[in-house]
Every structure is written in C-alpha cells, then in structure tokens.
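Read the structure below first, then the notes.
Each reported figure results from applying straightforward, stated rules to the coordinates on display, with no laboratory input. What you are looking at is a predicted structure, and each value in this text was computed from that prediction instead of being measured. Cβ atoms come from the backbone with ideal geometry, glycine included; neighbour counts cover every protein chain shown.
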Amino acid sequence: MRPALRLFNTASLSVEEFKADGTVGMYCCGPTVYNYQHIGNMRTYIFEDILRRALKAAGFKVNHVVNITDVGHLTDDADSGDDKMEKGAEREGKTVWDIAQKYTNTFMQNIDALNIEHPEAFPRATDHIPEMIAMVQTLIDKGFTYTTDDGIYFDTAKFPDYVKFARLDPEQLMAGARIDMGEKHSNTDFALWKFSPKDKKRAMEWDSPWGVGFPGWHIECSAMSLKYLSQPLDIHCGGADHIRIHHTNEIAQVEAATGKKFCRHWLHGEWLVMEKGEKMSKSKGLFVTLDVLKKEGINPLAYRLYCFSAHYRSPLKFSWTGIESAAQSYASLKKQVASSAAKTDSDLSSTRIDEVLTAFWAAVNDDLNMPRALAAIWDMLKDGSITADEKRAALKIADTILALDLLKVEAADSVTEKISSGGSKVVFTGSKEFSDEHVTRVLSIVDARKAAKLEKNWAESDRLRDELVAMGVIAKDMKDGSTECVLK
Ligand SMILES: [Zn+2]
C-alpha cells in the first residue's frame, strides 16, 4: 500500500495531504539567463523534479511551467542596482539577446545532465510583455498603485494581507523604512513597471500606456503563471529565498488584481550553503557550476545523488570532500546494482519487492524524504535474501523517482581487463570505445612506462604518461600493481 502524498505547505507551515482535481497546475520560478546557474540553483530544480515525479507516481497529471527570465531585472530585490542582463552583455561583449540565448542553452544542458524532466512549458518573459502590461493596468484601474518618476509601484499599504504569507512583522517593516526608498511610500512597495532613463536607451525596453520601460521581476512570474495555469494554481515552488519578497509580492499583486486566491500549495527548497554557512551565490563569488564539477571528473548524477543526502527543506552543505564522496557513493551504487541486480528485465512481483517499495514510497510521499528513500534502496542492495531479479524489478520502479540511471549500463561502466605482453594487468574503463589497435598501443605504453619506472627514469615515465593523455587515456597505477586506464 502506498501512502497518500503529503507535502509541506509554506502557506500553512504544516505538512498536508496533497489533493487536486484533475491536472495539477504547477509553477516553478525559473532561471534569470544572464550567467551560468550555480549548483545551488540546480538543487532547487532537482527538488522540483522529485516533486513532479512524485506527483505523477501518485497518479496525478501535471501541467508544469518554468519561466525563463530573459528580461533584465535589477540586481537586487529592492528595485535598484544594475540590470543583470545588460551587465552580462557588457561582460561578454555580446548583445543582451545573445546572452539570453547562450545561458538558456546552458540551463537546458544542465537540466538534461541532471535527468530533470522538462516541464510542459518554458515561457520566456520577453514573449509575454503584453500580459504583464495588462496585469499592471488592472492594478492601476483597481487603485493598488502609484506612479513615481522612475516607475509604477504596487502600494502594499492597500493590501492588508501583505504580511501574512511570510509572517512579516509590521513593526520591523517600518524599521526597515530607514533605508533610502527614493520616492517609494513604503519599504515593501515594489515596481510593477520601471521607466527607461530619459537620457539613455536601454538594450531591452518596451512601449506601454505609461511610457517606455520594462516590467518588474515579480509581475513576470504572475502574468506567465496565470497565462498557462488556472487560478488558483495548485502548486507554486521556488527557492526559500523567494518567500519574503518575490512570492509575497506575487501573492499581493495577483490577489489584488483578481480578487481570488493565487495559489493553494507553496513549496520552497532550502539553500546549498558553502562550508562557512554562506549561501552559494553569484554576487559573493562562491560559484560552482555543473561544468566545474564535470571538469573535476564528477558525474552530474553524482551531484543529484548528493542532493538526496539532505531533505529539501534543510540546508545542504557543499564541500569538495562531500561531493567527492558522493561521486564515490554514486560509483559504488552503480557497481552494486551492476553486480547484484539481474541484467535483463523480467516481470516480477514478490512480497520482498513490495516490502522494499513500501519503505521507499512511504519516504517519498512523506514530504519527499529522499535521504530515507535512498536508505531503503541501499538496504535492499545489501540484503542477500533478495534475489537479483527482485532487486532489478524494485530498482526499475525506484529510478522513476531517483532518476540516477541505476539500470543503465553505459560505456562508462563497461570494464575490460587485458593482460599486456609484459604481464601487466590493465583495466580499461571509460566512456569511449577503443579499437583493438589502439588498445594494443596502450598496453605497450603501459609496459614501457612500468619499465621506465623500475629504472627510476622519471622523465621517460612522464613522457609516456603524456603520450597516453594525448591518446585520451588517463592511466592510474593501482595498489595491486595493475593499471587502470580511463578512456575519455
Ligand atoms: Zn518567480
């Protein structure tokens, strides 16, 4: 028996049974495409992917929307600072449109590498300016705004529920008003539409009934979510840092504009923090991307596995030792699957499979408890009383959530052993197929390198190692005297 799916709701601060009629409308705040996404950003998309997969496994149909923010919103939430897109363009000597395309592409590559399923829609902000203008107009007509020299602002004083969602302390808000607010009436008021500077043409700007300019960040998400999903949305997700400002502002403007509840169920993923406890962020220069991990030889799916080591509502500490041990765990998990699970599919059901999967689903459906779900899989792999066929059958189902390619035998996992003519054992691993001729050449270099080492001819042994590198082979001397050759 699979328990009902229970999910934490930021709106109620409690874990609730998730219910929906028909298709689940789910909106997740997407990337601002002015730079690479760091792996902390990707942690949020992995958590949302688990949620999507868990919903589908629970029998729901999902209509999932992730926006691409390709409009330059400003570098801080307070509607000031520089334009991120324009800064990116300046940095790289490209147009803002090229920057948006480049980083949209790398985002797509990242999600594919992490086995994150694509949502049903990926709307771009720049394709939805008319919808944003329409929502701002409604807010103007209903009296929720005021105009300053630099833009049209949402007047949070007109929306008494403003403090509710993030449990903001109204008195603290007033204390915050000491900061320079420009012409804003209150610290919490936010821009719906910003006017372009009078003396400068911006790289991205649009005409509006109120003057040339560009939309505020919050209005983008609200206009796009309501275009693709029906109100109230069933689920809205994002990083925990969005609760206080971005999502609070979204609720205010949508509920003010429509007079209806915006969203039923809110989920937020916690941060990936650096060892010192700081949030990974671009602005602080603490910036690790998936490409950086790949250059260190870490499989993106090992990072996916790393994310399962903490619950999505707990901060996850990033350290190089931690990620390297996750890479080892991933390799060991794949190895255990390869050695203990059956190699071919057989339709099978048994009490043992049911027991394993009951533990697995109990964890997944208990607010996406991935550390516990994964523990059920490790326990099963270690259990000698469960047959190889049973393990394969259970893994096939578990991997619909884990998406770690557990049963996929890739070239990277194929291991071939050869004995060289000099008698050395050489283990070939890696993602590339080599011709017999190539393999023979590698074997003879390995022999020659061993001989050079015996003679303490380090220059020659280094030269031979470089020759292997030039052939795309990384050679490692193993403790048992064998040589491992990774083909790249
Ligand atoms: Zn958003």
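Quick notes on this one:
- Working note: Karplus 6.51/-1.76/1.60 with θ = phi - 60° gives the range 339-356 the couplings 8, 9, 8, 5, 8, 10, 5, 9, 6, 8, 9, 7, 4, 5, 4, 4, 4, 4 Hz, where Gly and Pro are set to x.
- When every Cα-Cα distance of the range 22-269 is counted in 5 angstrom steps from zero, the calculated P(r) takes the values 1, 6, 13, 18, 19, 17, 13, 8, 3, 1, 0, 0 percent.
- Relative to the longest principal axis of the Cα atoms of the chain, the long axis of helix 248-258 makes an angle of roughly 50 degrees.
- Compared with the dominant principal axis of the Cα atoms in the chain, helix 458-470 is inclined by about 60°.
- Dipole axis of the range 411-487 (+1 Lys, Arg; -1 Asp, Glu on Cβ), positive-most option in Ser444, Phe428, Gly481: Gly481
- If you bin all the Cα-Cα distances of the range 274-343 at 10 Å, starting from zero, the percentages per bin are 18, 45, 27, 8, 2.
- Each Cα pair under 8 Å and six or more residues apart adds its separation to the average, and for the range 176-321 the resulting relative contact order is 17 percent.
- Between 0 and 90°, nearest 10: helix 129-141 axis offset from the chain longest Cα axis: 30
- Translational diffusion of the chain, µm² s⁻¹ [Kirkwood Rh, Cα pairs; Stokes-Einstein; 4 °C; 1.567 mPa s]: 51
- Note on Ser435/Ala338: beta-carbon distance plugged into 1/(1 + (r/R0)^6) with R0 of 22 Å gives a FRET efficiency of 0.35.
- 5 angstrom amide H check on Gly239, placed H, neighbours 5+ away: Gly269
- Rounded to the nearest 20, the size of the Cβ-charge dipole of the range 290-402 about its Cα centre is 400 debye, with Lys and Arg at +1 and Asp and Glu at -1.
- Protection proxy ranking for 387-399, 158-170, using the average of other Cβ atoms within 10 Å per residue and placing the highest first: 387-399, 158-170.
- Whole-angstrom gap from the range 357-374 to the range 126-140, using each part's C-alpha centre: 42
- The range 411-487: relative contact order in percent, alpha carbon pairs under 8 Å with at least 6 residues between: 33
- Pairs exceeding a 28 Å alpha-carbon distance, out of Lys194/Lys261; Lys334/Lys418; Lys317/Lys391; Lys343/Lys418; Lys276/Lys335: Lys317/Lys391; Lys276/Lys335.
- Descending by average beta-carbon neighbour count within 10 Å, the peptides 46-54, 478-486 line up as 46-54, 478-486, the highest first.
- Point-to-point label distance, Glu417-Lys19, nm (Cα→Cβ direction, 7 Å offset): 6.0
- Considering only the chain, percent of DSSP beta bridges that pair antiparallel, nearest 5: 50
- Cβ-Cβ FRET estimate between Ser230 and Lys200, R0 fixed at 35 Å, reported to 0.05: 0.30
- On full extension, the segment bounded by Glu90 and Asp149 gains 18.6 nm, given 0.36 nm per residue less the C-alpha separation.
- FRET E, pair Thr321, Asp383, Förster distance 30 Å, beta-carbon r, rounded to 0.05: 0.55
- D (Stokes-Einstein, µm²/s), Kirkwood Cα radius, the range 7-139, 0.890 mPa s at 25 °C: 147
- Thr258 versus Asp345: modelled label distance in nm, points set 7 Å from Cα along the beta carbon direction: 4.0
- Long-range tail of P(r) for the range 290-402 (Cα pairs > 25 Å, %): 26
- Relative packing of 338-344, 31-37, 324-330, which averages over residues the other C-beta atoms within 10 Å, highest first: 31-37, 324-330, 338-344
- With contacts taken as Cα pairs under 8 Å at a separation of at least 6 residues, the chain carries a relative contact order of 15 percent.
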